[in-house]
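Before any comments, here is the structure.
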Amino acid sequence: MKRNLYYRTVHKRSNRIKEFFLGLFSAISSGPRLLLEVFIRRNFGERYFSFSGAIILTFILALLPIAAAFGFNILLNWLGGGEAYTGGTFLLRYLTWYVFLAAFMYMAIQRRNEIKRLPSVFDMERYSLSTGVIHPAFGNVIIRGKKVDTRVIETLLEPLFFFTIGAVLWVFGQAVGILIISCSIIYSLSYVADYRTGDHFVMDKIDEMILNKALVKAFVDGKDGDQTKGFRFYGRRPADPDIRREVVESFFDYEETVEAV
C-alpha cells in the first residue's frame, strides 16, 4: 500500500484545539443521544446501545430534581425567604420529568430485547456500532420536492421533533422541557460533528490520491497549480531533473500487507 509522506507531513493539517473540542463534544453527547434515540430508533448495534448506561443515566436524572429542590430550599432558608418547593409544587413541576424517565426506561428495555433477537456480531451478521434504524416517518418528509436524506434527518428533523416537544413542555412550566431541548441541541450538533469528520476523512483520501498523481508533475516537471488540479509543491527542488526523480520516489512509503494463509 502506497502512502504519500509529503501529503501527511505538509498538507494534512490537524487543528488540535478543534479536535479536542470535537472529541469532548462526542463524549458528552452519548447520554443526550441515548435519551432521545430510544424513542425513535430500533435495532441498535450491540456496542452502540448501553442498557447499563441507560440505568445509570435514569438514576442520575431521577436524583437531579430532588437535589436541586433541596439545595434551593436550603439557600432560601439561609436567606430568610422560606421554602420554594413543597411537595405539591415539586410534583407540579417535575411529575412529567419522572413520567419521561419511566418512558425512557421502558423503551430502553424494548431496545435491549431487540438486540438480543438480532444476529450475532461475532458471525459478522451485524455492525456492532450501528446507530439503529431510523423511523420511516422521517424518511417520508419532502423538502423542495425531494425526499430528505439521512444527513438532514439526523442533523435537523429528528432533533427538531424533540425540540418542538420540549418547547411545548417548557411553555407549560415543565422542567423536563428544558432537558429535552438541551438534549435535542446536543443531538443535532453531535451528528453535525460526525458528518463533518466523515467529510474530512473522504476529502483527505481524495486529496492524497490527487497529490499522488500530481506530485511528479509539480516536483519533477515544475508544473503550476493550473496543471495539477490546484496542487502546488512547497519547498526547494534540486536543479537536476534526474535527481528530482530519485528524490520524489522517497516521498512514498510502501506498507507491506500480510495475507492470511
Original post:
With labels modelled as points extended 7 Å from the Cα through the Cβ direction, what inter-label distance (nm, one decimal) is found for TYR106 paired with THR197?
Top reply: 3.4
Subject >> ILE185/PHE59 FRET efficiency (R0 22 Å; Cβ-Cβ; nearest 0.05) >> reply: 0.40
Subject >> TYR187, TYR106 arranged by Cβ crowding within 10 Å, fewest neighbours leading >> reply: TYR106, TYR187
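Values in this text are rule-based calculations from the coordinates and carry no lab data. Keep in mind the model is a prediction, meaning the values are calculated, not measured. Cβ sites come from the backbone with ideal geometry, for glycine too, and all protein chains shown count toward neighbours.
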